[in-house]
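The values are calculated or read from the model by the stated rules, or taken from the named source; none is laboratory data. Since the model is a prediction, treat every value here as computed from it, not as a measurement. All Cβ positions, glycine included, derive from the backbone under ideal geometry; neighbour counts span all protein chains shown.
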Amino acid sequence: MSVAGGTPSSMEALVLLGPGDFELREVPTPIPAADEVLCRVRACAICGTDPKIVKGAFPGVWPKSYPAIIGHEWAGEVVALGPEVAASPRLAARFAPGTRVAGEAHKGCGGCANCLAGHYTICQNYGDLESGHRHYGFTAPGAYAQYVVSSVKALHPLPDALSFDDGAMLDTAGVALQGIRRGRVGVGDTLVVLGPGPIGMFTVQYGRAAGAGRAIVVGRGDRLRRAEPFGAIPIDYEAVDPVEQVRELTGGEGADVVIECAGTKTACTQAVGMTKKGDAW
């Protein structure tokens, strides 16, 4: 049997059965709702949050209940359209079957004050599926599966120049780009990035592209060493006090912009200590 577009009626998915309990199962292939499309997943990255969700670190929130399918950094190709998408000439052309796409994790309800202002990632109806809110891989089914449904509002056509593996990292790249925008990195600025993970490495590259005169990365081990090819000055926090080192590198003033990408209390405290005094805007 098959669903729309000749897609098989069942698929393989990594299903969470409870905290620390998961298995590969055959489950029904999802059917796209009115404003959704069905996509075949071609690549899915493992976010740092995913192992915590698997362990059950966010009970009753991520996921809201079991069984659940997580995974939110993915790319693939459209295989079937929901009714409203198919009925819209513009959307049907933009997301025609075979279109290569990259997915976002968030789709706001579209009607609350935050969504209307464009801030759909902080939708006031977060977690309320009936309102139309979706947080794919968190409160709604995700992409650790052969197929996933997504609202067209959370999809972006993927240029041919980018592979599916590249596309699976675009959600992460968007987070880093927003940090650079909000930090207002300017020409000649000294930028410090705490945490040389994927978001940190994207932040370094975007910061240099935005005109930062130099980028300093605080971290350790192999990830810190990987920052150097991007032109970053490495600081190993296991070897030196990173706040003192940044102050020394900046003549005692501190950095113009510090972006915390480590997600730890210590890094947040250090970020404040190594930032230059002054009115940010």
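Residues that are surrounded by fewer than 16 Cβ atoms within 10 Å (Cβ to Cβ), small (G, A, S), modelled with pLDDT under 95 and on the phi > 0 side of the Ramachandran plot: does the stretch 227-236 have at least one? Yes, the conditions are met somewhere in the stretch 227-236.
Applying a threshold of 6 Å to beta carbon distances and a minimum spacing of six or more residues, or different chains, the list of pairs starting in the stretch 101-112 at a residue that is in contact (Cβ under 8 Å) with a residue 40 or more places away in the chain and ending at one that is of a type in the set (S, T, N, Q) reads G103/S150; H106/T121; K107/S151.
Checked against (1) in contact with a Ser or Thr (Cβ under 6 Å, 6 or more places away or on another chain); (2) closer than 17 Å to K153 by Cβ, T29 passes all but condition (2).
Table: residues versus (1) outside the structural domain of T99 (by TED's automatic domain parsing); (2) farther than 30 Å from A92 by Cβ; (3) free of Cβ contacts under 8 Å to residues at least 24 places away in the same chain.
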| position | (1), (2), (3) |
| --- | --- |
| S151 | no, no, no |
| G200 | yes, yes, no |
| G213 | yes, yes, no |
| V217 | yes, yes, no |
| R225 | yes, yes, yes |
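One residue stands out in the stretch 267-281 among those that are of a type in the set (G, A, S) and buried (at least 17 other Cβ atoms within 10 Å of the Cβ): the one that is farthest from T190 (Cα to Cα), namely A267. Checking the structure you have, find out if any residue of the stretch 245-266 is surrounded by fewer than 17 Cβ atoms within 10 Å (Cβ to Cβ), closer than 25 Å to M169 by Cβ, modelled with pLDDT under 95 and not assigned by TED's automatic domain parsing to the domain that holds A45. Yes, the stretch 245-266 contains a residue that is surrounded by fewer than 17 Cβ atoms within 10 Å (Cβ to Cβ), closer than 25 Å to M169 by Cβ, modelled with pLDDT under 95 and not assigned by TED's automatic domain parsing to the domain that holds A45. Is it the case that V54 is at pLDDT 95 or above and within 21 Å of G167 (Cβ to Cβ)? It is false that V54 is at pLDDT 95 or above and within 21 Å of G167 (Cβ to Cβ).
With the requirement that a residue be free of Cβ contacts under 8 Å to residues at least 24 places away in the same chain and surrounded by 12 or more Cβ atoms within 10 Å (Cβ to Cβ), what does the stretch 50-65 give you?
K52, A57, F58
Results for (1) touching a Ser or Thr at 6+ places or on another chain (Cβ under 8 Å); (2) assigned by TED's automatic domain parsing to the domain that holds T49; (3) crowded, with 20+ Cβ neighbours inside 10 Å; (4) assigned to a loop (DSSP other than H, G, I, E, B), shown as yes or no for each residue.
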residue	(1), (2), (3), (4)
A92	no, yes, no, no
A96	no, yes, no, yes
G111	yes, yes, no, yes
V148	no, yes, yes, no
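With the condition kept exactly as written, say whether any residue in the stretch 154-164 is assigned to a strand (DSSP E or B), over 23 Å from G263 (Cβ atoms), at pLDDT 95 or above and of a type in the set (A, V, I, L, M). Yes, some residue in the stretch 154-164 is assigned to a strand (DSSP E or B), over 23 Å from G263 (Cβ atoms), at pLDDT 95 or above and of a type in the set (A, V, I, L, M). Scanning the stretch 233-250 for residues that are over 30 Å from the mean Cα position of the chain (by Cα) and aliphatic (A, V, I, L, M) yields A239, V240, L249.
Residues that are within 17 Å of D171 (Cβ to Cβ) and among the hydrophobic types (A, V, I, L, M, F, W, C): which strands (runs of 3 or more DSSP E) entirely in the stretch 1-86 hold 3 or more of them? Here the list reads 36-45.
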